[in-house]
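Report on the structure given below.
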Amino acid sequence: GAKQRGKNTFQMYVRQMSMSLQQRVEMESCLRQAVENHEFTLFYQPRVDLRTNHCTGAEALIRWNSPKLGLVMPADFIPLAEETGDIVSIGAWVLREACRQAAEWRAGGLGDIHVAVNLSARQFADTRLRETILEALEDARLPGHVLELELTESVIMRQPEQAVHLLSAIKKTGVRLSIDDFGTGYSSLAYLNRFPIDIVKIDRSFIRHLPESHSDAQITSAVIALGHSLGLTVIAEGAETQSHIDFLRKEGCDEVQGYFFSRPLSAGDMRIFLDRPVQPGRGAASLPHCTD
Ligand code: C2E
Ligand code: MG
Ligand code: MG
Ligand code: MG
């Protein structure tokens, strides 16, 4: 519920504020060199179609292997990279690497496994974004429709008028657009549909307490129904249990991404996952713990 969401935000701020100035300066300089030093890696979290039980795509999630700081999760460096502006070059690397990987899956006869990439506010404000996307697609020889870009409500709502233009321009490259973490901002799905979006991803804070939480259940059902009436594909994030899946399937949710099917995987483990039929409920238990 809302309390948990508030707590997470609070913890994030505490984490950032408790960093001493010296630590911050050190982390900044480490971060600046990290792209050149090839310290980033992408994990991939499979997404499963609830009707066919097939893996239709994966979200690319960045990890930072810092020789000084160890393994750093995105929540602990993306906000800093966003502040310093390093996110623009980091994000360009993510786009290139995710497209390269999707092209490799295609070439390996695994079909069109869509790859979803997160875009931050700073990247979205970068005037070269469209070029960066086109270059990543061209270099990988990947058709646009295989790539998805995830944006949060707040990123779009920062400058809604400009967002309409930029998103329309980006759409012409063929990529699909999704609203990430839907429900955590303050905009309505009907309003967001004025932007050329294809997919809505329901934030995992609404899924966590299903089906017991009456309000979360109502919100989730409403988003699925409205999403469908607007012609959108609806994806639920953070499905961890059989009862989450049962509820989402009953409500007609299209796809699910969550620990129930799999945690985020290294490229190597993702390859193994794609070679096997999806085993519901086995993903979380049978594969190595990579995050959280
Ligand atoms: P997100 O885009 O909403 O990604 C989903 C997050 O939820 C991932 O965390 C994933 O590991 C986690 N997750 C997925 N299923 C479950 C589940 O069943 N239970 C729980 N408890 N968690 C689940 P991760 O990888 O730590 O990423 C956190 C956030 O960092 C992402 O949230 C995204 O906002 C940001 N991020 C990650 N990679 C990138 C990137 O390349 N660029 C940018 N700009 N942001 C990124
Ligand atoms: Mg995302
Ligand atoms: Mg999300
Ligand atoms: Mg999130």
Under 30 Å from Gly109 (Cβ atoms) and free of Cβ contacts under 8 Å to residues at least 40 places away in the same chain, is that true of Thr56?
no
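Of everything in the stretch 129-149, what is surrounded by fewer than 20 Cβ atoms within 10 Å (Cβ to Cβ) and either at pLDDT below 95 or not in a loop (DSSP other than H, G, I, E, B) (or both)? Give them in sequence order.
Step one: list which residues in the stretch 129-149 are surrounded by fewer than 20 Cβ atoms within 10 Å (Cβ to Cβ), which gives 130-132, 134-135, 138-139, 141, 143-145.
Listed by number, the residues that qualify are Arg130, Glu131, Thr132, Leu134, Glu135, Glu138, Asp139, Gly144, His145.
Against the condition more than 16 Å from ligand 3 (Cβ to nearest atom), surrounded by 20 or more Cβ atoms within 10 Å (Cβ to Cβ), under 17 Å from Gly174 (Cα atoms) and not polar (S, T, N, Q), how does Leu95 come out, does it pass? Walk me through it before giving the result.
On the way: more than 16 Å from ligand 3 (Cβ to nearest atom): yes; surrounded by 20 or more Cβ atoms within 10 Å (Cβ to Cβ): yes; under 17 Å from Gly174 (Cα atoms): yes; not polar (S, T, N, Q): yes.
Taking the combined requirement at face value, the residue satisfies it.
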Which listed residue is in contact with a strand residue (DSSP E or B) (Cβ under 7 Å, 6 or more places away or on another chain) and of a type outside the set (Asp, Glu), from Ala116, Ala125, Ala103, Ala107
Ala116
Among residues belonging to the stretch 59-83 that are assigned to a strand (DSSP E or B) and free of Cβ contacts under 8 Å to residues at least 12 places away in the same chain, point out the one that is surrounded by the fewest Cβ atoms within 10 Å (Cβ to Cβ).
Gly70
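The rows are residues; the columns are (1) outside any helix (DSSP H, G or I); (2) over 17 Å from the mean Cα position of the chain (by Cα); (3) within 12 Å of ligand 1 (Cβ to nearest atom); (4) without any contact (Cβ under 8 Å) to a residue 12 or more places away in the chain.
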position: Ile197; (1), (2), (3), (4): yes, no, no, no
position: Ile235; (1), (2), (3), (4): yes, no, yes, no
position: Arg263; (1), (2), (3), (4): yes, no, yes, no
position: Ile272; (1), (2), (3), (4): no, yes, no, yes
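Consider Ile62 carefully, then state whether it is within 25 Å of Glu26 (Cβ to Cβ), β-branched (Val, Ile, Thr), touching a helix residue (DSSP H, G or I) at 6+ places or on another chain (Cβ under 6 Å) and more than 16 Å from ligand 3 (Cβ to nearest atom).
On the way: within 25 Å of Glu26 (Cβ to Cβ): yes; β-branched (Val, Ile, Thr): yes; touching a helix residue (DSSP H, G or I) at 6+ places or on another chain (Cβ under 6 Å): yes; more than 16 Å from ligand 3 (Cβ to nearest atom): no.
So Ile62 fails the test.
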So Ala116 ticks every box in (1) more than 11 Å from ligand 1 (Cβ to nearest atom); (2) surrounded by 22 or more Cβ atoms within 10 Å (Cβ to Cβ) but one. Which box is left unticked?
(1)
Can you find a residue in the stretch 180-190 that is under 24 Å from Gly238 (Cα atoms), within 16 Å of ligand 3 (Cβ to nearest atom), surrounded by fewer than 21 Cβ atoms within 10 Å (Cβ to Cβ) and in contact (Cβ under 8 Å) with a residue 60 or more places away in the chain?
yes
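The values are calculated or read from the model by the stated rules, or taken from the named source; none is laboratory data. A quick note: this is a predicted structure, and the numbers were derived from the prediction, not measured. Cβ coordinates were reconstructed from backbone atoms using ideal geometry, including for glycine residues, and neighbour counts include every protein chain displayed.
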